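K.L.:
Sharing a structure here in structure tokens format.
The values are calculated or read from the model by the stated rules, or taken from the named source; none is laboratory data. Computed from a prediction, not measured in an experiment: that's the story for all the values here. As a convention, Cβ positions derive from the backbone with ideal geometry for all residues, glycine included, and neighbour counts pool all protein chains shown. Note: accessible area is taken over every heavy atom of the protein model, side chains too, but ligands, DNA and RNA are not part of it. Shrake-Rupley method; radii C 1.70, N 1.55, O 1.52, S 1.80 Å.
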Amino acid sequence: PTTRDPDAFWSQLEDYYLRIMGAFAASPRIAALTREWLTASTSPALQQAQKEMEAALVPWFEQAIAVGQRARAVRKDVPATLLIAVVFAMGQATDTWLITEHLDPRAVSKWVPVFVGMIRRALSS
């Protein structure tokens with residue numbers, strides 16, 4: 001996100017998430033691969049790969065939260081590390097639900113605003 005307007009900040013995040021989930025809905029192969037990735041966490045090697053992927057995503061989330069805080073869209077009374085943990089947990093839950101529901105692209109466009117709204121309410125000041 002690159003805005004200083006709270007509503008525009010959340011709109012940009014919603015658009016980003018919609019594009020990602022739309023790609024999953026449009027490609028059964030990508031969705032199947034991601035579904036396996038999310039559900040096969042009993043493998044130590046996969047657990048390590050998942051941790052490495054999450055670690056690679058943290059800088060983007062740190063930057064997004066900083067932009068959101070400057071735009072007065074994200075609360076400042078909670079450490080950024082906790083906000084990121086909340087977003088990761090909510091994201092994993094919603095991503096898993098979307099992927100396991102085998103939703104078509106029209107359904108994804110219905111649910112993404114709901115999920116982003118949930119994250120917005122959790123992170124807004």
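K.L.:
Take the residues in the stretch 21-47 that are among the β-branched types (Val, Ile, Thr) and closer than 16 Å to Glu101 by Cα, then tell me which one is surrounded by the most Cβ atoms within 10 Å (Cβ to Cβ).
P.N.:
Initially, the stretch 21-47 is screened for residues among the β-branched types (Val, Ile, Thr), giving 30, 34, 39, 42.
In the following step, the residues that additionally are closer than 16 Å to Glu101 by Cα were identified as 30, 34, 39.
Numbers: Ile30: 13, Thr34: 18, Thr39: 12.
Only one residue fits best here, namely Thr34.
K.L.:
Same structure again: I'd like the residue in the stretch 88-125 that is among the aromatic types (Phe, Trp, Tyr) and touching a residue at least 12 places away in the same chain (Cβ under 8 Å) and, out of all such residues, is least open to solvent (accessible area, probe 1.4 Å).
P.N.:
Here is the first cut: in the stretch 88-125, the ones among the aromatic types (Phe, Trp, Tyr) are 88, 97, 111, 115.
From what is left, the residues that are touching a residue at least 12 places away in the same chain (Cβ under 8 Å) are 88, 111, 115.
On the way: Phe88: 46, Trp111: 76, Phe115: 18 Å².
Applying the filter and picking the extreme gives Phe115.
K.L.:
Exactly one condition in (1) open to solvent by 50 Å² or more (accessible area, probe 1.4 Å); (2) more than 30 Å from Thr3 (Cβ to Cβ) is not met by Gln50; state its number.
P.N.:
Failed condition: (1).
K.L.:
To continue, here is another question. Can you find a residue that is open to solvent by 50 Å² or more (accessible area, probe 1.4 Å), closer than 17 Å to Arg120 by Cβ, among the hydrophobic types (A, V, I, L, M, F, W, C) and over 12 Å from the mean Cα position of the chain (by Cα) anywhere in the stretch 73-87?
P.N.:
The answer is yes; a qualifying residue exists.
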